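Structure first, then comments.
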Amino acid sequence: MSLKVLSVDDSKTIRMIVKKAFKPYDCEIIEAENGVEGLAAANKERPDLIVLDITMPVMSGVEMLEKLKAEPALRDIPVIMLTAESGKDNVLQIVKMGVKDYIVKPFKGEQLINRVEKIVTLEPRKDEAAKGGDLAGFFSLDGDVQILSCPKNVDDGIAARIGSELTAKSTEMSKSGVNKLILDLSKVSKVNVSLIKLIFSLTEKCQDARIYMRVVASNNIEAGLKNFAETSALTIYKTVQEAKGSFK
């Protein structure tokens, strides 16, 4: 069954960013422009997660949050709040009220997904899963090192599936005492935005899970990665064996 996500924000642009972030996943996105509409939608739809802006007309996010927490049927729905830099003073208040997390605007879709995955389980859309094949097969254990071999072409669907698989795999690695991961890009044919987003997401996931990550890539891919700010500082290894040796 699809995960229901309620996005409450008076900015259409922000709602589009939220909607696009969840596109690779099996989610139903419900939208509302203010706290009054958001509260009505929450009562009607019973979402699994609410992404809620603080500053809105008619009814603010803080007011809506207060009403959510006062309703026994709604109080346990996890809420991620969105706040502008100037509204960071509200953070202590919303934390005390029981929000699961908050993000300061502006933000990127992958940042939101990284926060969401700490709260609920995201499953890839069935059409993306069919297109991507069995990505579990891209993971292999070499001694005490988990190796993730990326396919030739990485698009948003593949990136989402790999990220989702790593969430489960990191738990498995933790239980078995494995804390080393090699991202093998040797088969990748080109650098694109989807690949950059994947590397950025994997880096954050590994940091959160205390997993040491190394990246293996060809000269061409390394040159492409250097053109993006998110990956320009990465140390690139030429072979898996070289990367394995760097852990010692």
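When Arg214, Arg210 are checked against the criterion of being within 24 Å of Asp142 (Cα to Cα), outside any loop (DSSP other than H, G, I, E, B) and within 22 Å of the chain's Cα centre (by Cα), a single residue qualifies: Arg214. Figure legend. Inter-residue proximity from the range 160-176: first residues over 14 Å from Glu110 (Cβ atoms), second residues small (Gly, Ala, Ser) and at pLDDT 80 or above, beta-carbon distance below 7 Å, spacing 6+ or different chains. Indicated pairs: Ser170/Ala209; Ser174/Ala209.
Yes/no matrix, rows are residues, columns are (1) surrounded by fewer than 19 Cβ atoms within 10 Å (Cβ to Cβ); (2) assigned to a strand (DSSP E or B):
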{"position": "Lys4", "(1), (2)": "yes, yes"}
{"position": "Asp10", "(1), (2)": "yes, no"}
{"position": "Thr13", "(1), (2)": "yes, no"}
{"position": "Met16", "(1), (2)": "yes, no"}
{"position": "Lys20", "(1), (2)": "yes, no"}
{"position": "Glu28", "(1), (2)": "yes, yes"}
{"position": "Val36", "(1), (2)": "yes, no"}
{"position": "Ala41", "(1), (2)": "no, no"}
{"position": "Lys44", "(1), (2)": "yes, no"}
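What do you reckon, is Leu49 touching a Lys or Arg at 6+ places or on another chain (Cβ under 8 Å) and farther than 30 Å from Glu165 by Cβ? In short, no.
Of all residues in the range 202-221, those that are over 24 Å from Ile113 (Cα atoms) and either touching a His at 6+ places or on another chain (Cβ under 7 Å) or surrounded by fewer than 19 Cβ atoms within 10 Å (Cβ to Cβ) (or both) total 3. Among the candidates Val104, Val62, Val58, the residue that is over 27 Å from Glu123 (Cα atoms), free of Cβ contacts under 8 Å to residues at least 40 places away in the same chain, surrounded by fewer than 17 Cβ atoms within 10 Å (Cβ to Cβ) and not assigned by TED's automatic domain parsing to the domain that holds Asp156 is uniquely Val58.
The values are calculated or read from the model by the stated rules, or taken from the named source; none is laboratory data. On a predicted model such as this, the values are computed, not experimentally measured, just so you know. Because the Cβ atoms are built from the backbone with ideal geometry, glycine has one as well, and the counts that use them run over all protein chains shown.
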